[in-house]
Ligand code: SF4
Ligand code: SF4
């Protein structure tokens, strides 16, 4: 009796050699690769004019100051909830895109696809197209093989380094950090991020490639929940293609009933995830359209009818019309519009000023020699505007009171202290609030501090507090 060998739970990894294929969808993807990488690599170099004392980098995550500069927009720590809202909006955008156009994000926009495309192109430049690469890998080591392999990996590492470098430039003044990298004085976290992203880019886009899409990416697993029979997919049309026939003589024989697929395998050899689209819809398909380009090229060459593989939907395959406007698309689209609209409205009407007041508790009040009572406070003013501003400070609700701000000697005509705050600055002051003896009542009194911009009375903020008395 033969003993059965336990089979492995894991399949062996087979290296995929995607053939480089030109065509409409390849050109479309190159355009997007150029656009996305152009934006990613060059945006930190873009300068932006701001008020004196503020950074002139168009996009900057200023972590020490906890501020995010996006052109004229500055996101402050108190806007941190926006991050959660933006993440929800991004998730909704992905749901919307998936319900409407399937895995179009994977095939055209995902950074894994974008960088893998670039790495594959570098591989093709050094090692040739699919057949040459396969031949090279199975050949003995020679000086030539060593040269092309080393050169390819070096270029991959350089791209990885540029990727990591561009990323850290978003967190510091890019030109300064660039020279710091060159003279070795860049901060340790910057070096660490650069090295980490160089290695991860090299591994993900150069070595792991389709493994990331098939095994690591969670989106590949849960996107099925957003799919329905109207979502866009790449599909082979068996009613046109089958029975496939590679033998030309049989195909050209009018008696034989062959389909349009000539079983040339072109669609399989170009596939970056190594699948055969003729086997039906598979979760590994990232809808990149390479197999469409491949099949169209073959058919064009043979002057045969095209569109054996095309972007379609399950409903269209069944002979019906795709329904673009359907409940799940409308719900995702509406929710996305609501979140984006909410972000836009908040940013447009966000008050450019914030006032915060803290009452000093020790002592709760001070009795002056003339019998008046004094309370001390600390105020914090945040000027979110892109220009320096002067504000007047006043107190409502306290009769016969006087207000003074430590280190502020300027007052307006109504004797209100005038405080100048630089653009994007947070300033803290100590204030003394005094009530004269002849208006004194006992107990606490509700008061309101009011801060008003001198150049625009509409810009104001207030803070409720208490004045304490014996
Ligand atoms: S099957 Fe076609 S569309 Fe899908 S990943 Fe492969 S080449 Fe791209
Ligand atoms: S490229 Fe087109 S013709 Fe060739 S095997 Fe694929 S589906 Fe058939």
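None of the figures in this text is laboratory data; all of them are computed from the coordinates on show. None of these values were measured; they are calculated from a predicted model. Quick reminder, even Gly has a Cβ in these numbers, built from the backbone with ideal geometry, and neighbours come from all protein chains shown.
Overview of results
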read-out	value
For peptides 250-260, 90-100, sequence by mean Cβ density within 10 Å, most packed first	90-100, 250-260
Protection-proxy order for peptides 101-110, 362-371, each taking the mean of Cβ atoms within 10 Å per residue, highest first	101-110, 362-371
Cα shape, segment 353-467, gyration tensor, a/c 1.5 rule	prolate
Spin-label model distance (nm) - residue 191 vs residue 134, 7 Å beyond Cα toward Cβ	4.6
Cα centroid separation - segment 56-92 against segment 283-350, whole Å	30
Förster radius 41 Å - calculated FRET efficiency between residue 321 and residue 248 (Cβ-Cβ, nearest 0.05)	0.65
For 22, 322, 163, order by how many other beta-carbon atoms lie within 10 Å, fewest first	22, 322, 163
Calculated FRET efficiency for the pair residue 49/residue 147, C-beta based, R₀ 35 Å, to 0.05	0.15
Nitroxide proxy distance, nm - points 7 Å out along Cα→Cβ at residue 300 and residue 265	2.4
Peptides 142-155, 263-276 ordered by average Cβ neighbours within 10 Å, highest first	263-276, 142-155
Ranking of 380, 19, 221 by count of other Cβ atoms within 10 Å, fewest first	221, 380, 19
Shape category assigned to segment 221-265 from the gyration tensor of Cα positions, a/c cut at 1.5	prolate
Full-stretch length increase - residue 364, residue 56 - with 0.36 nm per residue and alpha-carbon distance subtracted	106.4 nm
Principal-axis tilt of helix 81-101 within the chain, Cα atoms, nearest 10 degrees	20
Prolate/oblate/rounded call for segment 14-350, Cα gyration tensor, a/c under 1.5 rounded	oblate
Two-site label geometry, residue 176 and residue 408: point separation in nm, points 7 Å out along Cα→Cβ	3.0
The chain - mean residue ellipticity at 222 nm from DSSP helices (-39,500 (n - 2.57) per run, n ≥ 4, rounded to 500)	-12000 deg cm²/dmol
